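The values are calculated or read from the model by the stated rules, or taken from the named source; none is laboratory data. Everything numeric here is computed off the predicted structure, so don't read it as measured data. Cβ coordinates were reconstructed from backbone atoms using ideal geometry, including for glycine residues, and neighbour counts include every protein chain displayed. Please note that ligands, DNA and RNA were not included when accessible areas were found on the heavy atoms of the full protein model with its side chains. Shrake-Rupley method; radii C 1.70, N 1.55, O 1.52, S 1.80 Å.
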Amino acid sequence: MNASSIYSGPVFAMARRQFETVADHLDIPTDERSRIFIPKRALAVSCPITRDDGSITVFQGYRVQHHLTLGPTKGGTRFASNVDVGEVAALAIWMSWKCALAGLPYGGAKGGIAVDPRSLSRRELEALSRRYMQEMIPFVGPHTDVMAPDMGTNEQVMAWFMDTYSMYQGQTVAEVVTGKPVESGGTVGRREATGRGVAYLVKRAAETVKLELSGATAIVQGFGNVGSVAALTLQSAGVKIIGVSDHSAAYFDRGGLNIEALEQHVRRTGALEGYSTEGLFDPEDLLVQSCDILIPAAVERVITEKNAGKIQCRILAEGANGPTTPEADAILKDRPEIFVIPDILCNAGGVIVSYFEWVQGLQQLFWDEAEVNDRLNRTLEKSFQAVSRRVEMRKLTTRDAALSIGVDTVLRAKRTRGLFP
Ligand code: NAD
């Protein structure tokens, strides 16, 4: 397959390797593979902003739209220092398989800015968010490409995106972005959707492996939107959270951590660091402590060939995108005692409720939280069952089963539509 040279790096290589495995399994002819895998469009923009001290800094931003076969593209925007076009492309491709697996009428997209948002003041963050969206205007729209939050962005950033786009259109276009605050056209339940979805699927996996959730133990890496909500939701189902970490610190206590207090501390200070001098732990070691449920909910490539043989859990629930490398996957394949809930299934709650937000915005008809959560669980249940069936019938790993449903759906849609002109 001849991939364009602008996409490179370890995360893109990972997405490609996963795709090739599934394409072999689905017997996709070589000449059709590039058509399915290589992103349709990519945009790189420079975003200059005036800093608080009067100087000017230029930040590099990207947006990649993977395919347009099933509808508009959809995907988050990441603000992180190491963002590059290869990583963004991989995340866009994974979004395509994720949306197709969940039955959503979208192709995948992803965007990002190479910036540590913690290094900006609130005014600088607003200026950068608005400048990025302003640069994106010819490229996005409610029926073209719909943005959402990801690592380093939140409801406030989405509100600035929506406001900037709307000011240029001369009218409010709330549906150009999802993950907005409820008071700016967002939906109830979106902020919590990804973490709640992780918790729902952990419950289903626990039933499958006959693990009693009440009294089970969990470790969560990443204590942002996804990790903290997953931890709080699982705790309310009786799970004891014994370890958490973020970019600043890790805490571990076999007796159980006070998740509410940790969450309040992060809300107040922005990070776990400084919560307590007791229970501090080596973040690297956290992932290999014995527990029933291990939830990576931060960055890519944290479960590698180095630690995959050492992790000690019954369920590996991938809240993050791409936390497990293909080398680690090969090791996990020989460890059937670990039930892997692959990222494109495990963290799909976010895009599913983003879809609900988009639908509600287009119709200007808003649902209550019970309806949002009920529809979320039903959508995840369908995907969980489809993956389980494919694992059974085709003797695949859960990851390959999930990916093959996603890839197959896009492939069939492309074949039916044909090649234009
Ligand atoms: P967030 O910015 O709210 O939180 C990220 C967390 O990860 C923070 O606690 C941060 O400190 C921590 N972190 C960063 N680098 C780390 C490291 N090296 N080790 C340990 N912790 C580290 O982001 P989020 O929205 O919770 O996203 C987390 C993951 O979930 C990402 O992979 C994202 O792509 C994925 N995801 C998010 C959503 C969503 O709706 N927000 C949906 C699907 C998938």
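Among the candidates Gln134, Gln171, which residue alone is away from the ligand (no atom under 15 Å from the Cβ), in a loop (DSSP other than H, G, I, E, B) and surrounded by fewer than 24 Cβ atoms within 10 Å (Cβ to Cβ)?
The unique qualifying residue is Gln171.
Residues are listed down the side, and each one gets a yes or a no for (1) within 16 Å of the ligand (Cβ to nearest atom); (2) out of contact with any helix residue (DSSP H, G or I) (no Cβ under 7 Å at 6 or more places or on another chain):
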| position | (1), (2) |
| --- | --- |
| Leu26 | no, no |
| Glu32 | no, yes |
| Arg35 | no, no |
| Arg41 | no, yes |
| Lys98 | yes, no |
| Gly108 | yes, no |
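Within region 57-64, does at least one residue satisfy the condition of being open to solvent by less than 20 Å² (accessible area, probe 1.4 Å), within 16 Å of the ligand (Cβ to nearest atom) and touching a His at 6+ places or on another chain (Cβ under 9 Å)?
Within region 57-64, not a single residue is open to solvent by less than 20 Å² (accessible area, probe 1.4 Å), within 16 Å of the ligand (Cβ to nearest atom) and touching a His at 6+ places or on another chain (Cβ under 9 Å).
Would you confirm, using the coordinates I've provided, whether Arg301 is within 12 Å of the ligand (Cβ to nearest atom), surrounded by fewer than 22 Cβ atoms within 10 Å (Cβ to Cβ) and within 23 Å of Ala90 (Cβ to Cβ)?
yes
(1) open to solvent by less than 20 Å² (accessible area, probe 1.4 Å); (2) under 23 Å from Gly195 (Cβ atoms); (3) more than 15 Å from the ligand (Cβ to nearest atom): which one isn't true of Thr73, the others all being true?
Answer for Thr73: the failing condition is (2).
Report whether or not Glu278 is more than 13 Å from the ligand (Cβ to nearest atom) and in the same structural domain as Ala231 (by TED's automatic domain parsing).
It is true that Glu278 is more than 13 Å from the ligand (Cβ to nearest atom) and in the same structural domain as Ala231 (by TED's automatic domain parsing).
Under 9 Å between Cβ atoms, which residue pairs at least 6 apart in sequence (or on different chains) link something in region 22-43 that is assigned by TED's automatic domain parsing to the domain that holds Phe59 with a partner that is of a type in the set (A, V, I, L, M) and open to solvent by 80 Å² or more (accessible area, probe 1.4 Å)?
Arg35/Leu419; Ala42/Ile6
If we keep just the residues of region 238-272 that are under 13 Å from Ala297 (Cα atoms) and in contact with a Leu (Cβ under 8 Å, 6 or more places away or on another chain), which is farthest from the ligand (Cβ to nearest atom)?
Residue satisfying both the conditions and the ranking: Gly243.
Hey, among the residues in region 137-168 that are open to solvent by 60 Å² or more (accessible area, probe 1.4 Å) and hydrophobic (A, V, I, L, M, F, W, C), which one's nearest to the ligand (Cβ to nearest atom)?
Looking at the filtered set, the residue picked out is Met151.
Looking at region 187-237, which of the residues that are open to solvent by 30 Å² or more (accessible area, probe 1.4 Å) and part of a loop (DSSP other than H, G, I, E, B) is nearest to the ligand (Cβ to nearest atom)?
The residue in question is Gly224.
Would you pick out the residues in region 344-364 that are surrounded by fewer than 24 Cβ atoms within 10 Å (Cβ to Cβ) and within 10 Å of the ligand (Cβ to nearest atom)?
Answer for region 344-364, where residues must be surrounded by fewer than 24 Cβ atoms within 10 Å (Cβ to Cβ) and within 10 Å of the ligand (Cβ to nearest atom): there is none.
Output the number of residues of region 291-306 satisfying the condition of being free of Cβ contacts under 8 Å to residues at least 40 places away in the same chain and more than 22 Å from the chain's Cα centre (by Cα).
2
One residue is enough: does region 317-327 have a residue meeting the conditions in a strand (DSSP E or B) and more than 13 Å from the ligand (Cβ to nearest atom)?
So far as region 317-327 goes, no, none of its residues is in a strand (DSSP E or B) and more than 13 Å from the ligand (Cβ to nearest atom).
Quick one: which of Arg417, Arg389, Arg378 is among the basic types (Lys, Arg), under 23 Å from Asn225 (Cβ atoms), open to solvent by 80 Å² or more (accessible area, probe 1.4 Å) and more than 16 Å from the chain's Cα centre (by Cα)?
Being among the basic types (Lys, Arg), under 23 Å from Asn225 (Cβ atoms), open to solvent by 80 Å² or more (accessible area, probe 1.4 Å) and more than 16 Å from the chain's Cα centre (by Cα) holds for just one of Arg417, Arg389, Arg378, which is Arg378.
If you scan region 49-93, which residues turn out to be more than 22 Å from Gln134 (Cβ to Cβ) and among the hydrophobic types (A, V, I, L, M, F, W, C)?
Passing the criteria: Leu68, Leu70, Ala89, Ala90, Leu91, Ile93.
Return a yes/no flag: does region 283-292 have any residue that is small (Gly, Ala, Ser), more than 14 Å from Gly227 (Cβ to Cβ), within 16 Å of the ligand (Cβ to nearest atom) and surrounded by fewer than 20 Cβ atoms within 10 Å (Cβ to Cβ).
Checked region 283-292: no residue is small (Gly, Ala, Ser), more than 14 Å from Gly227 (Cβ to Cβ), within 16 Å of the ligand (Cβ to nearest atom) and surrounded by fewer than 20 Cβ atoms within 10 Å (Cβ to Cβ).
Condition first: assigned to a helix (DSSP H, G or I), over 14 Å from the mean Cα position of the chain (by Cα) and of a type in the set (A, V, I, L, M, F, W, C). Now tell me which residues in region 73-100 satisfy that.
Correct list: Val85, Ala100.
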